Amino acid sequence: GCVLVVSVIEQLAQWHNSTVKAAVERLCDYIPGKYQIMHHIIDREMNADVVCHSLRLCKQDPGQPLCHLYSPPKKEKHSSGLFHALAHARPKCQIRSKSFMGFSSVCAFPLLANLCEKMKYVLRNKLPFEDFDGDKFSTFPTLRGYHWRGRDCNDKNTTVYPGRRPNNWDAKSDSNCNGIWGVDPKDGIPYEEKFCKGAGSKGIVLLGDSAGAHFHIPPEWMTVTQMSAKSFANLPMAFSDEFDWPQFSEITGFLNSTIGGWTDSLYLRLRRRNRCNHRDLQNISQNVYFLVNIAPYFSFSLARNQLLDNPAIVIYATIGNDVCNGERDTLAHMTTPKEMLSNVVQALQYLDSHLPNGSHVILTGLVDGRFLWDNLHDRYHPLGQLNKDVTYSQLYSFLDCLQVSPCSGWLTSNETLRNLTSERALQLSNVLKEIVRSEKFANFDIFYMDFPLRQTAEEWRKMGGEPWQLIEPVDGFHPSQIAAALGTGITWQKALHEWPQVLGKENPFNDQIEAIFKDQGGH
């Protein structure tokens with residue numbers, strides 16, 4: 001964190017030909033709210049690694065390597081060059097304000113202690129922060145609110161939520177929040193019965209990882225040539241959504257993208273196919289490594305009543321979590337095929353006891369992450385574009401040294417390790433294929449599809465794009481907005497041709513529903 005902030009401050013000073021103090025003030029002006037930034041004396045000749053070690057915000061543990069993002073100072077082209085710089089830098093630096101407080105120390109304040117406990121619970125269980133009736137749906141966008149699940153239309157009534165079968169055909173009120181309720185005055189038939197009866201309404205649920213949640217850090221936050229107050233306008237929202245953007249994602253996206261590319265999602269396509277599916281979406285994804293036993297995790301987070309709700313299409317897509325970790329001995333910490341079989345079957349058994357009959361489950365294979373190193377390693381990271389001094393290879397080494405790499409097995413210069421990681425990913429995908437071939441469930445049928453990275457790259461090349469544009473520029477790891485939108489089309493076409501029963505038929509009343517909405521002012 002320190003290296004990132006100091007890098008931006010130093011580059012701002014360089015770009016605007018100002019002092020470091022002026023650059024700190026400029027950054028503070030850009031960032032909304034009362035965010036505290038450290039004030040210290042920085043020698044413009046020192047790189048961010050030297051500054052942060054000097055301030056003792058970065059440290060070297062005994063027996064561990066000295067981690068650095070930038071090449072060591074030119075005086076000596078090896079690690080002792082950094083030691084030399086540190087020895088000479090320490091007297092020049094002093095901290096003028098103590099502004100770095102960990103989450104635990106913030107939570108020590110009595111007024112915040114209760115809020116912090118609820119935040120921890122919400123983040124652990126992936127449930128909305130504001131949910132007054134406890135039905136797992138919210139009228140608030142972030143903190144696991146309606147960016148992640150269909151928007152509640154009555155947060156004071158636990159029987160009103162997206163995805164349920166209509167109560168008495170919603171003649172008097174909208175019990176399933178799809179906007180269709182009331183009675184047609186011409187014939188006395190409820191609109192929901194007239195337009196949605198027999199239409200095969202179904203929702204979409206994603207059980208995924210950070211790729212499914214659509215993790216994204218805007219590159220303009222650390223590209224000083226593009227930086228302005230406008231760049232950070234979305235910081236509070238991004239922070240309260242865990243730096244995920246599910247509202248633009250491949251499976252459950254529903255808003256026009258504001259982070260580049262365009263939004264196309266399975267939810268939007270299902271909604272276009274049958275307007276009665278409006279708001280029936282759930283994105284149950286998390287950024288951190290899955291627990292070995294993930295069935296209890298679903299039991300907290302999944303909102304589906306077997307008796308009262310419509311069937312659902314569940315996408316099970318943990319495309320990297322089982323082989324990705326930041327451990328030094330990364331291979332030893334990967335999920336084994338035996339563990340994968342046990343974990344997934346247990347999760348499917350849980351789904352079988354909770355999903356309404358007529359549901360569908362699609363298991364998505366793991367990605368071949370060698371694509372990342374092959375297309376990014378020698379390109380400049382946003383932090384390195386001004387001075388051509390930070391490549392993705394350097395970023396990957398830095399994160400790996402700190403043991404916070406999102407995927408030590410793929411984000412590495414070690415080709416053998418990259419190949420072994422892909423080999424394990426393929427073994428785990430084969431486990432999923434075998435589950436689909438051999439297991440049967442009472443309340444859903446089950447399908448398998450490979451993660452469509454190769455087809456996505458081919459499609460993007462045909463459109464004149466470059467493969468590196470399919471990867472998030474800041475973390476150099478997750479699929480970008482463009483990759484998400486293109487992947488949607490590929491998945492949809494596969495489902496249309498191979499599993500048409502999953503998508504259901506087109507609702508012939510879609511145009512009539514939209515016409516009535518327009519007549520009523522969109523309500």
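In this structure, the amide hydrogen of residue 448, modeled 1.01 Å from its nitrogen in the peptide plane, lies closer than 5 angstrom to those of 363, counting only residues at least 5 positions away or on a different chain.
The stretch between residue 442 and residue 187, if pulled fully straight at 0.36 nm per residue, gains 87.9 nm over its current Cα-Cα span. For residue 262 and residue 403, the difference between the fully extended length at 0.36 nm per residue and the C-alpha to C-alpha distance is 47.4 nm. What do you get for the angle between helix 110-125 and the principal long axis of the chain? Use alpha-carbon atoms, 0 to 90 degrees, nearest ten. Long axis of 110-125 versus the principal axis of the chain: about 60 degrees.
I need the per residue convex hull volume for region 201-503, using only the alpha carbons, in cubic angstrom as a whole number.
Numbers: hull volume 40.6 nm³, N = 303.
Cα-based convex hull of region 201-503, divided per residue, equals 134 Å³.
Just the number, please: percent antiparallel of the DSSP beta bridges in region 201-503, rounded to the nearest 5. Don't skip to the end; give the middle numbers.
Values: 3 of 24 bridges.
Among the beta bridges of region 201-503, antiparallel pairing accounts for roughly 10 percent.
Averaging 1/r over each pair of different alpha-carbon atoms in region 151-263 and inverting the result gives 17.2 Å, the Kirkwood hydrodynamic radius.
Summarising the amide proton neighbourhood of residue 390: residues at separation of 5 or more, or on other chains, whose placed amide H is nearer than 5 Å comprise 381, 384. Shape call for region 351-398 from the C-alpha gyration tensor, a ≥ b ≥ c root eigenvalues: rounded (a/c under 1.5), prolate (a/b greater than b/c) or oblate? The shape class here is prolate. Shape verdict for region 441-502, please, from the Cα gyration tensor: rounded (a/c under 1.5), prolate (a/b greater than b/c) or oblate. Cα axes put region 441-502 in the prolate bin. Within the assembled protein chains, the solvent-accessible surface assigned to residue 352 is about 30 Å², based on a 1.4 Å probe.
In this structure the chain gives 47 Å² per residue of accessible area when probed at 1.4 Å with all protein chains present. Here region 201-503 exposes an accessible surface that is 54 percent carbon and sulfur, computed with a 1.4 Å probe and the other protein chains kept in place.
The value obtained for the chain, namely the Cα convex hull volume divided by the number of residues, is 168 Å³ per residue. Angle between the Cα long axis of helix 453-462 and the longest principal axis of the chain, 0 to 90 degrees, nearest 10? Between helix and principal axis, roughly 80 degrees.
Counted residue by residue at 0.36 nm each, then reduced by the alpha carbon distance between them, the extension gain from residue 28 to residue 349 reaches 110.5 nm.
The largest accessible area among 329, 209 belongs to the first residue in 329, 209, and the rest follow in falling order (1.4 Å probe, all chains). How large is the direction-averaged shadow of the alpha-carbon convex hull of region 389-523, in nm²? Its Cα hull, projected and averaged over all orientations, spans 14.4 nm². Computed from backbone phi, the HN-Hα couplings of region 56-66 come to 6, 7, 10, 9, 10, 6, x, x, 10, x, 7 Hz, rounded to whole numbers (Karplus: 6.51 cos²θ - 1.76 cosθ + 1.60, θ = phi - 60°; Gly and Pro given as x). For residue 313, the residues 5 or more places off, or on other chains, whose built amide H falls under 5 Å of its own are 203, 204, 205, 360. Report, in whole Å, the centroid distance computed from the Cα atoms of region 433-448 and region 337-389. Here the answer is 19 Å between Cα centres.
The helix-only estimate of mean residue ellipticity at 222 nm for the chain, built from DSSP H runs of length n ≥ 4 each weighted as -39500 (n - 2.57), is -11000 deg cm²/dmol after division by the residue total. Computed 3J(HN,Hα) for region 320-328, one whole-Hz value per residue from the Karplus formula 6.51 cos²θ - 1.76 cosθ + 1.60 where θ = phi - 60°, is x, 3, 6, 10, 9, 7, x, 6, 4, glycine and proline marked x.
The C-alpha atoms of the chain define a longest principal axis, and helix 337-352 lies at about 40 degrees to it. Longest stretch of the chain clear of exposed loop sites (GluC sites (Glu not before Pro), DSSP loop, at most 12 other Cβ atoms within 10 Å, sites excluded): 46-505.
Ordering 373, 148, 15 by how much accessible area each has at a 1.4 Å probe, largest first, what is the list? Intermediate results must be reported in sequence, preceding the final value.
Numbers: 373 25, 148 0, 15 125 Å².
Sorted descending by solvent-accessible area, the residues read 15, 373, 148.
The values are calculated or read from the model by the stated rules, or taken from the named source; none is laboratory data. Everything quoted here is computed from the prediction, not taken from an experiment. In this analysis, Cβ positions are derived from the backbone assuming ideal geometry, glycine residues included, and neighbour counts consider all displayed protein chains. What goes into the accessible areas is simple: the full protein's heavy atoms, side chains included, and nothing from ligands, DNA or RNA. Shrake-Rupley method; radii C 1.70, N 1.55, O 1.52, S 1.80 Å.
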